[in-house]
Structures are given as structure tokens and as C-alpha cells.
Amino acid sequence: MPFDLSRRLRLPAGVWALGVLGAFAGSSAHAQFRATPLHVNTGRTNNPGEPVTFQSDKVSYDDHAGVITWTGNVQVWQGDRIMRADKMTYDRNTGIIAATGSVASSQPDGSVLFSSYAELTGDMHEGVMTHVNAIMQDNAKLAANGMRRTSGKINDLSRAVYTACEICAKDRTRPPFWQLRAYDATQDLEHQQINFRDAYMDILGIPVLYLPFFSMTDPSAKRHSGFLTPGLTPHDRYLGTYLTVPYYWVIDDQSDATIQGLVSTKTGPQISAQYRNRLNFGTLTILGGVAYDTHKQSGYVNTFGNSVGATNDHGIQGYVFARGLANITPTWRGGFNVNIASSANYMRDYRIQGYGADTLNSNAYLEGFGTGAYSRLDTQFYQGLNQGVISNSDLPFVLPSYEYSFLGQPDALGGRLGVNTHDFNVYRSNGTSDQRGELQLNWDRPFRNSWGQKYLLTLRLDSMLYHARSVNERPNFYTYSGSVTRAQVVPTVALKMNWPFLRTFSKGRGTQIFEPIVQAIYAPNTGNGASRLLPNEDSLNYEFTDSTLFELNRYQGTDRIDGGARANIGLHGNWTWNGHQVDLLVGESFQEHVEHDRLPYSGLNHHLSDVVARARVEPSQYFNFTARARVNPKNGDIDFGDALFGLSIPHFQINGGYVWEPVTPYYYYVNNFRNSTPTSVYFQRTNELSGGVSTYWANWHASAFARRAISRKSFVSLGTSVGYQNDCFGLDFLYLKQYTTIGGQQRNSTYLFTLTLKTIGAFGLK
């Protein structure tokens, strides 16, 4: 029957069902019609409501009872809330919406609620549901016998069950791998929190833990303030038994902080914090802590036989690790990394990350990127951690360092010009302080002939200007103690020829490559840099292997340059067939002048160099082997060698490595090697074997590794892990033993148990 639309549209706020009234004024009581939006008043002062849209197969209206009824695939939505049901009624007199039959509603947080019956007020802020099931983020599921919604913010659930595990598709009554069962639970939608009371944790349907109260963050929350999982370690050499309690604080949409307190039985407490901010133009992270350390470091004898006295660095201690990055323009950015600690012993006592390294490194930089160009200006600061070996007074301040590199496009002659410079000012309170200005020009011109030979002509000019003082101190150890100003200009001409011979098997089954390589290089003989009082900052290491055989300069930097006339030859072979490969390289260097400024056992201490070789074998997709060596041709001694292999088959992997060197090169510059021979530790052989094995099957995984110094007849490290993981649960055990000694103390053994419950968190015991 006809009715007055203006009178019947004045209904309670947010009633999704009201859209029907605008669709059929005076029409048949049972009719199909299209979805129609409708604006309604929310009931709040000066706050217009959102449009309401509905859709159903049939609709009817009882004018006497004041009840609207929708049937058949009913769908109603307003804003980001959607509900569907087989049947829905709205009582105009009570303002109650009742939905029955496969009721489903999506929530603003992305979760979906299913129930057999729902009874809600018109604005959906109040109501009850029966037999509720919710599908949440990360496949989490929450079910309850009944639910009451209050103010649109609180859902009270009775007989609640929560899990993030998959439900068995064949037998849905079978309990999931783990679940939380609670007498009741409260879901706080506003604060994104779920609280369980009188709860049990079930594993495979068996109760294993009773929790009078348990609170967790709603899985829909991306970031949420609150306490994180506490950590408990029963025993530590320096902390004893200690407890950590972290708190996570969401400051705003782009920044947060994690604050952690630590209390222990063997030393004073510590408070630490990490602040993070993702700015519109960059990022900022600050990590720091302060503690009262009661330990006192006693004296000991270091690796070199020197006595190191006791330290008095207990009491108030702290550290700051900070890094920042700012994008200034599309091509320029700046940043900094600051790492400072009050003492190495404090880092050891409180397990601060970075302990065990030789130094803490800090820098600030500005860098730019262009087409074929790069520029960087930075400063550097170092703090020594290896007590008894590295003193802070020996470490440099780099104030500043500047790098620039440019590679041009091919020119009219077919070559490409490169321009590089690395300039710096290095200051040491105990040691050489120097400044360097550098300009390097490099021109490469590739070409080939009709015989298939490929040539590369290189013209290079290195020019450096130095000013230095105290070159008699480390790292140079020269005899002159005054100030010097020196320069060097080194032009280099090089021609390299590759002549590849290629053979292809029929039907594309494989290829063979035989490739002689010849290179001729001429540069002035630079001689011994020490005799010319040239400071050395960036060329302390020298490496002659297969990877540097054809390099113009085998030093890492340019304070030292390979000079004189020399020739390099090599033979490269490759055979590839049906997924298999064998790759070989052998070569040697001939030099007119021999420089004695290189490290011992460099392989270039004679006119005829060591023979370098590399072999890589891949007989199948499951196995690979690579070996390298440098052999003295005069006596057949191996001056360097290493090997790596890997085997990977389904469910099983194994890898191993070996390295050999007649010395331990890291200790060459520890003392004044010019007045006496290097320390005896330098002449200790490097002879190490390492390997690891891992396996995985279904949800199980296990691995083990070891590294052993054969020459020292001791292990360097050992470790193993084993664990189980499925879609919602993880249990892992890790053991790690390091045999190295730092600060007179051998490293700890670590045992770590970790239990992970998806969406709830990880619980560890160390």
C-alpha cells in the first residue's frame, strides 16, 4: 500500500537497511530491484551520515508492524562495513536489525565475521551474535559460542577459541596444532587488543599450559604499543641470570621506539632504547644504552706475549649507535653512521652487538650520482676494541676524504675516458699523519681483427702529491721522523690480447673454448716507496692470484703502483655440455724489475712469478667444485691455495672449504718490521678446514658446521641447529661455540631455544 516516504525515512542513525525505502515507493511488496544508495543522519550533532547501499532478491514491508524484510542474497553496506545474510529484518519501532542464515560481515580492519544469527541496533554499534567465527589477518581464526558488541568498539566473547593454524579440511572437528581456549575473551577494536581470561594452551588438542590471563595484539594491527615478549637467560659468564623486558612504543605514523630494561644477578642493571623515524626525505635510527657495570678487567698476556694491565672501566658505562640518511635532491644524499662505546669490556659484559670486532667505525658523508659519475665526501673515525693489540691513539681520523669517478661515452677514436681521484687528510696522534691529492686518467680502446683476436689498449696516468709527518711511526716505520713533501707520476701503457678458439658440438650439445691471453704492460720502475719516503695508507695489502693476474695494479690502492716492464700470459679453457661445465685458467707474470716493498710470499719476489691457477668443475646441477692455487716455480712450494665445494640434492646439502697460506698476513704491520722481523705470529701458517651439512624433510630441518685451524690443532668454531616448523608453529634449538680469545677471555658457548607461535610471538631461552 502507498505510504509517506518523508515520514518513514526518519529512522535511527546508520541503518543500512533503510535504502530499500527509496527504491519502491508504492510498489509491490515482493520485488527485485537494484542497489540504491541513501544518505541518512547518524544521530550525532553536525555530522552527516555515510551513504547506505543494499541489494536483495526480494523485499516486503509490513506497514502495521513497522517491519521491513529482505530475503534472498541480502547484501548491505555502509562505508567500509559490509553484511550479507539469507534473510534480514528491520523493526522500525525498536531499531533492531536481525539477520539469519549464513550471516557474514566484513570489518574495517579486514577481518570477516560469520554467525548463524545476528541481532544489531540500527547503527551496528550494539548487538549480539551466536556461533561466531572470525577470519583475521595472517590466517588467524577466532571462534566463540556467542558475542556481544558494545559501542562498536568492544566485542565480548564467551567460550572463545583462537588459533593461527590451518583447520583440517577432511575432519573439521580435529583440533588444530595449537589453540587458545578461554572461558571468555574481549576484543578491543579501538586499541587493537585481545584479552583472554581463564585460558588453556592446547597442543594437538592436549592442554599444556594454563593462563589465568593472557593478552595479545590483534593480528590486524600493523604497529601497536605494548610490552614485547620478555627474555630470560639462566646463565651468562658476565651477567649471570638475567631478564630483559622490552616495551614497544608507537609514537606516530612514521616513528617508534623500543625501550628495554635488563636486570642481572652478577652486575648492575641496564636501560637501552632504539628510536626509529622514517622521514619524508630519509631515515633516522638511534640505538643506545646506559648501565652500571660492576666488573673489573684483570690483566692478561696477549697473543704477542705482551702483558696487558688491568683496566678500571667499571661503573657508569654506555654506548650510542646511530645512523641517518637524507635524500637532499634526486642526485644528492647525505648520511652518517656513529658507533661509540665507553669501553670494549662493557660491550662484552652486556653482550652489545659489535663486540669481537677490531674497531667501531663512524663516518659522515655526502654523495652524488650522475650519468657515468660518482662523487663522495666523507669523514671517518675509529675506536679500537681489540685491547692489547689496537690502541685508539694509533687509529686515524680521516678529515676529510674525497672520491670522484667519471666514465665517459665512446669518443671519436672508439675509446672511453675515465677520470678518478681519491684525496684525503689522515691524522694520527701516534703514527703517520699525511695528506694526498690524486688524479688518475684512464683511456680504454677495444678493437679486434679478422683473425678473431680481441685487443684492449689502455693508456693510464697516475699522479699523486703527498705531505706527511712522522713517517717513522706506524704504519710506515721509515727511518725519517720529520715532515716530507713528495710526488709521483706514473704513466702506464698496456695492451691485452684474447684469442678465443670456439668449437660447437652438433645438435647444440655443448661448446669448447680455448683462449690464450697475452698482456704487455710498461710503466716507469717505481722502485721501493720507502726509499722515496712515500707514505702508504691504502696499499698495505698485496694480492696476486688468478683474479688479479691481468690487473694493471695489484695493490688495493694507489699509494703503491706496480711499475716496470712486465708481461702476463694465461691460458683459459671452458667446456660446457648438457648442463655440465669445466672451466680452467693458468697463468704467470714476467717482470723486468722486482720490487721488494711487497709482502713476503706475494708471489712476485722474482723475475718469474708464481704460477696462478683456477679450476671450476660442475659435473652436474647438484655438485660444484672450485680450487685456486699459487705455486712457486723454483721449488714447487704452494704459497697460497683455497678450495670450495658444494653438494645439493633434494633434502640434503653439504659444503666445505679449505685455505692454505704459509703465513698469517693480518699481523705483518703489528710492530716495526723494518728494524726487526715481523712478529712470530705472522709466520704461523694459515691452514684451515671448514664445512657444513644441512638437511630438511617435510617440517623438520637440521644443520651443523665446523671450522678447524689445522696448524694450531684447535677448532675455531662449532655449531649445530635443529628445529621443526609448520604453518603456525616453530621450535628451534641452536648451539654455537667460538674458540677465539678476546681481551684475555675465551668466547662463550651459546645455547638458544626458540618457540614461535604465529601471530602471538616468539619465546626464547638462552
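The values are calculated or read from the model by the stated rules, or taken from the named source; none is laboratory data. For clarity, every value in this text was computed on a predicted model and none was experimentally measured. Cβ placement follows ideal geometry from the backbone for every residue including glycine, while neighbour counts extend to all protein chains displayed.
Points worth noting:
- The number of residues in the range 62-74 that are out of contact with any helix residue (DSSP H, G or I) (no Cβ under 8 Å at 6 or more places or on another chain), assigned to a strand (DSSP E or B) and touching a residue at least 24 places away in the same chain (Cβ under 8 Å) comes to 2.
- Test set (1) closer than 25 Å to D202 by Cα; (2) modelled with pLDDT of 90 or more; (3) touching a Ser or Thr at 6+ places or on another chain (Cβ under 9 Å) - V161 fails condition number: (3)
- Looking across the range 620-635, the residues that are over 30 Å from N605 (Cβ atoms) and either among the acidic types (D, E) or out of contact with any strand residue (DSSP E or B) (no Cβ under 6 Å at 6 or more places or on another chain) (or both) come down to S620, Q621.
- Qualifying residue in the range 162-180 (condition: without any contact (Cβ under 8 Å) to a residue 60 or more places away in the chain, surrounded by 21 or more Cβ atoms within 10 Å (Cβ to Cβ) and more than 34 Å from the chain's Cα centre (by Cα)): no
- Selection status of L585, closer than 21 Å to A629 by Cβ and either surrounded by 18 or more Cβ atoms within 10 Å (Cβ to Cβ) or under 37 Å from the mean Cα position of the chain (by Cα) (or both): yes
- L239 being in contact (Cβ under 8 Å) with a residue 40 or more places away in the chain, farther than 22 Å from D109 by Cα and of a type in the set (A, V, I, L, M, F, W, C): yes
- Within the range 351-382, being at pLDDT 90 or above, among the hydrophobic types (A, V, I, L, M, F, W, C) and either under 30 Å from P269 (Cβ atoms) or not in a strand (DSSP E or B) (or both) holds for I352, L360, F381.
- Looking at R333, R348, just one residue is part of a strand (DSSP E or B), surrounded by 17 or more Cβ atoms within 10 Å (Cβ to Cβ) and either of a type in the set (D, E, K, R) or under 23 Å from the mean Cα position of the chain (by Cα) (or both), and that residue is R333.
- In the range 225-245, residue nearest to I135 (Cα to Cα) [restricted to those that are among the aromatic types (F, W, Y) and in a strand (DSSP E or B)]: F227
- Restricting attention to the range 384-399, the residues that are crowded, with 17+ Cβ neighbours inside 10 Å and at pLDDT 90 or above add up to 2.
- Verdict on N498 being touching a residue at least 40 places away in the same chain (Cβ under 8 Å), closer than 30 Å to P678 by Cβ, surrounded by 15 or more Cβ atoms within 10 Å (Cβ to Cβ) and not small (G, A, S): no
- Scanning the range 75-116 for residues that are under 40 Å from the mean Cα position of the chain (by Cα) and not in a strand (DSSP E or B) yields G79, D80, Q107, P108, D109, G110, S111.
- The single condition from (1) assigned to a loop (DSSP other than H, G, I, E, B); (2) within 30 Å of T720 (Cβ to Cβ) that K634 fails is (2).
- Filtering the range 230-248 to residues that are surrounded by fewer than 14 Cβ atoms within 10 Å (Cβ to Cβ) and under 24 Å from the mean Cα position of the chain (by Cα) leaves only P230.
- Boolean, D727 is under 19 Å from L204 (Cα atoms), of a type in the set (D, E, K, R), not in a loop (DSSP other than H, G, I, E, B) and not assigned by TED's automatic domain parsing to the domain that holds Y162: no
- Residue match in the range 604-616 (condition: under 39 Å from the mean Cα position of the chain (by Cα), crowded, with 16+ Cβ neighbours inside 10 Å and among the small types (G, A, S)): yes
- Test for T576: is it of a type in the set (S, T, Y) and within 22 Å of R460 (Cβ to Cβ): no
- Leading residue by the ranking (modelled with the lowest pLDDT) among those in the range 511-542 that are touching a Pro at 6+ places or on another chain (Cβ under 8 Å) and of a type in the set (S, T, N, Q): N541
- Residue list for the range 664-701, restricted to those being in contact with a strand residue (DSSP E or B) (Cβ under 7 Å, 6 or more places away or on another chain) and either of a type in the set (V, I, T) or more than 29 Å from R630 (Cα to Cα) (or both): T664, T686, V693, S694, T695, N699, W700, H701
- The residue that is nearest to F369 (Cα to Cα), among those in the range 405-431 that are modelled with pLDDT of 95 or more and hydroxyl-bearing (S, T, Y), is S405.
Residues are listed down the side, and each one gets a yes or a no for (1) over 25 Å from L325 (Cα atoms); (2) part of a loop (DSSP other than H, G, I, E, B):
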{"residue": "T283", "(1), (2)": "no, no"}
{"residue": "G288", "(1), (2)": "no, no"}
{"residue": "A291", "(1), (2)": "yes, no"}
{"residue": "H295", "(1), (2)": "yes, yes"}
{"residue": "T311", "(1), (2)": "yes, yes"}
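- Restricting attention to the range 637-652, the residues that are on the phi < 0 side of the Ramachandran plot and not in a strand (DSSP E or B) add up to 2.
- Selection status of N699, exposed (fewer than 15 other Cβ atoms within 10 Å of the Cβ) and modelled with pLDDT of 90 or more: yes
- Selection status of N655, within 28 Å of the chain's Cα centre (by Cα) and either of a type in the set (D, E, K, R) or outside any loop (DSSP other than H, G, I, E, B) (or both): yes
- Checklist (1) buried (at least 16 other Cβ atoms within 10 Å of the Cβ); (2) touching a Leu at 6+ places or on another chain (Cβ under 9 Å) applied to S717, failing item: (1)
- V693 vs. criteria of a type outside the set (D, E) and farther than 25 Å from S602 by Cβ: yes
- Of the residues S115, S106, S111, the single one that is within 25 Å of S60 (Cβ to Cβ), touching a residue at least 24 places away in the same chain (Cβ under 8 Å) and surrounded by 15 or more Cβ atoms within 10 Å (Cβ to Cβ) is S115.
- Any hit, the range 552-566, residues being small (G, A, S), part of a strand (DSSP E or B) and on the phi < 0 side of the Ramachandran plot: no
- Near pairs, Cβ below 6 angstrom, 6+ apart or cross-chain, from the range 192-207 (closer than 30 Å to G152 by Cβ) to any residue that is among the β-branched types (V, I, T) and surrounded by 15 or more Cβ atoms within 10 Å (Cβ to Cβ): N195/T186
- Within the range 270-285, residues that are surrounded by fewer than 16 Cβ atoms within 10 Å (Cβ to Cβ) sit with their Cβ atoms under 9 Å from residues that are of a type in the set (F, W, Y), at 6+ positions apart or across chains, in these pairs: T285/Y275; T285/F321.
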